[in-house]
Amino acid sequence: MTHPDWFHRVAHDLRDPLSPLQTAVYLLRSGEISGEEHARMLELIERQGVRLAGMIDELSDCLRADRGRLLTRRTDVDLVVLASLGIARADAAPMRCDASVTSLPMLGDDSRLLQLLRILRELRLSPEEVLPAPLFLERDGRNARLHRRLACSREFIDDPTRLLEGPLPAALAQGLGLQLPLAGAIAREHDGGMRAEVEADGSVALTAELPLRT
């Protein structure tokens, strides 16, 4: 997953939380701020600290993916159960599961599968998309299929595979913007795959397929 251009992006993005952190520490040490401002600076430090930790985790995941070591263990899991347990942001895409699909058993790393579900539910590819399209969980022969259609910025329409190969633009990115390459790596390490295709209406269809336990 590594690419020379990514390192410039990583260096820039990791520096971004440092400026407000340094400012907050300076103001707290000065002793010249009110109690209300003191509380606000503590909240800022906590928020930016969480943001920075998330970026470091994302970078660590990318390095593990490069080495094919994202998965720490494989156990019997049910993707339907994981989907019902997964926690995502309040504005995340809703989950839709076919009523006839009551179980999708597979051998997998439950924490990484939850991460894949969260990425696909929380993803935005266009700032204009207000109501996210649902993420569908289906059975397709011997595979579990996760499918979502998203409005997409024009720059990706000609070559949607770029979404799986590099960071998202800063305006769309969470953290370092490497959510989709990570999602693809998680699918591949489960002996599955992920693809991005342009639909007739100009949206992009993201599909992850994961082999079921036989």
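Before moving on, here are some points about what is shown:
- R162 vs. criteria buried (at least 17 other Cβ atoms within 10 Å of the Cβ) and of a type in the set (K, R): no
- Which listed residue, of A185, A173, is modelled with pLDDT of 90 or more, in the same structural domain as L107 (by TED's automatic domain parsing) and among the hydrophobic types (A, V, I, L, M, F, W, C): A185
- S203 passes every criterion in (1) surrounded by 15 or more Cβ atoms within 10 Å (Cβ to Cβ); (2) within 18 Å of the chain's Cα centre (by Cα) apart from (2).
- Failed item, numbered, when A144 is tested on (1) surrounded by 20 or more Cβ atoms within 10 Å (Cβ to Cβ); (2) within 18 Å of the chain's Cα centre (by Cα): (2)
- Screening segment 35-143 for helices (runs of 4 or more DSSP H) wholly inside it with 2 or more residues that are within 21 Å of L14 (Cβ to Cβ), outside the structural domain of L168 (by TED's automatic domain parsing) and touching a residue at least 60 places away in the same chain (Cβ under 8 Å) returns the ranges 35-66.
- Residues that are modelled with pLDDT under 90 and acidic (D, E) were ranked within segment 38-60; the one that is farthest from G175 (Cα to Cα) is D57.
- Restricting attention to segment 89-120, the residues that are more than 17 Å from E58 (Cβ to Cβ), in contact with a strand residue (DSSP E or B) (Cβ under 7 Å, 6 or more places away or on another chain) and crowded, with 16+ Cβ neighbours inside 10 Å add up to 8.
- Residue check, V25 surrounded by 15 or more Cβ atoms within 10 Å (Cβ to Cβ), of a type in the set (V, I, T) and not in a loop (DSSP other than H, G, I, E, B): no
- Residue match in segment 153-161 (condition: of a type in the set (G, A, S), farther than 11 Å from L125 by Cβ, in the same structural domain as S203 (by TED's automatic domain parsing) and modelled with pLDDT under 90): no
- Scope segment 153-188; condition more than 16 Å from the chain's Cα centre (by Cα) and part of a helix (DSSP H, G or I); matching residues: R154, E155, F156, P160, T161
- Some residue of segment 57-80 being within 20 Å of the chain's Cα centre (by Cα), exposed (fewer than 14 other Cβ atoms within 10 Å of the Cβ), over 30 Å from D191 (Cα atoms) and not hydroxyl-bearing (S, T, Y): no
The values are calculated or read from the model by the stated rules, or taken from the named source; none is laboratory data. What you see is a predicted model, and the numbers here were worked out from it, not measured in a lab. Cβ coordinates were reconstructed from backbone atoms using ideal geometry, including for glycine residues, and neighbour counts include every protein chain displayed.
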